[in-house]
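Notes for the one structure printed next.
The values are calculated or read from the model by the stated rules, or taken from the named source; none is laboratory data. As the structure is a computational prediction, the values presented were derived from the model and not from experiment. So basically every Cβ, Gly included, is an ideal-geometry build from the backbone, and we count neighbours across all protein chains shown.
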Amino acid sequence: SNSGSTNAIGYRIYLSPSGQAAYVDGKRQGRGKISPIVIKQFFGDLRAAEPLSQLPIKLPCLKPASFGTSTSIRLGAQQSGDLSCPGNDKAKSLFKDVNLIKRTLHVTNVPRSEGKELPPQNF
């Protein structure tokens, strides 16, 4: 999930080990399929990075106030810190995977003036 910022709406992507994906951003929601190669890489990197809550974050993590967002992964009860400030190679790999999945699904941070807030999570 991505927090969004003062000027942009965040997004959420739900991904299963089968490659099935569901997503929502400020303009749309939908479903997609991620290639087996990317799924294998992502879930391998995810397993290698557990426990997610202990992934280090690079500090200080400087971002513009109006455009800085935070990207994290949740797996069951585990949640990572902000992967956009990776503190080690495992966090860097996960952030790279997330960005590839995001591009594959055409998910983006939509300017607040052009979209709608995300619906509440229903799980």
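Considering only residues that are part of a loop (DSSP other than H, G, I, E, B), in contact (Cβ under 8 Å) with a residue 12 or more places away in the chain and not hydroxyl-bearing (Ser, Thr, Tyr), which ones fall in the range 97-119? 107, 109, 115, 116, 117, 118, 119 - these are the residues of the range 97-119 that are part of a loop (DSSP other than H, G, I, E, B), in contact (Cβ under 8 Å) with a residue 12 or more places away in the chain and not hydroxyl-bearing (Ser, Thr, Tyr).
Test each condition in (1) loosely packed, with under 14 Cβ neighbours inside 10 Å; (2) farther than 20 Å from residue 5 by Cα for residue 65 and report the one that comes out false. Single failed check for residue 65: (2).
The set of residues from the range 1-52 being among the hydroxyl-bearing types (Ser, Thr, Tyr) and touching a residue at least 40 places away in the same chain (Cβ under 8 Å) comprises 1, 3, 5, 6, 11, 23, 35.
Remark: pairs (first residue in the range 64-78, farther than 21 Å from residue 110 by Cβ; second residue of a type in the set (Gly, Ala, Ser) and surrounded by fewer than 17 Cβ atoms within 10 Å (Cβ to Cβ); Cβ separation under 7 Å; 6+ apart in sequence or on different chains) = 78/53. Against the test of being free of Cβ contacts under 8 Å to residues at least 40 places away in the same chain, out of contact with any Gly (no Cβ under 8 Å at 6 or more places or on another chain), hydrophobic (A, V, I, L, M, F, W, C) and surrounded by 15 or more Cβ atoms within 10 Å (Cβ to Cβ), the options 83, 94, 55 yield a single qualifying residue, 83. Each residue in the range 97-111 was checked for being crowded, with 20+ Cβ neighbours inside 10 Å and either more than 19 Å from residue 3 (Cβ to Cβ) or of a type in the set (Asp, Glu) (or both), and 1 of them qualify. Could you say whether any residue in the range 6-17 is out of contact with any helix residue (DSSP H, G or I) (no Cβ under 9 Å at 6 or more places or on another chain) and surrounded by fewer than 16 Cβ atoms within 10 Å (Cβ to Cβ)? Yes: the range 6-17 contains one or more residues that are out of contact with any helix residue (DSSP H, G or I) (no Cβ under 9 Å at 6 or more places or on another chain) and surrounded by fewer than 16 Cβ atoms within 10 Å (Cβ to Cβ). Taken over the range 50-70, the residue count meeting the criterion of being at pLDDT 95 or above and under 22 Å from residue 103 (Cα atoms) is 0. Among the conditions (1) more than 14 Å from residue 114 (Cα to Cα); (2) touching a helix residue (DSSP H, G or I) at 6+ places or on another chain (Cβ under 9 Å), the only one that residue 3 does not satisfy is (2).
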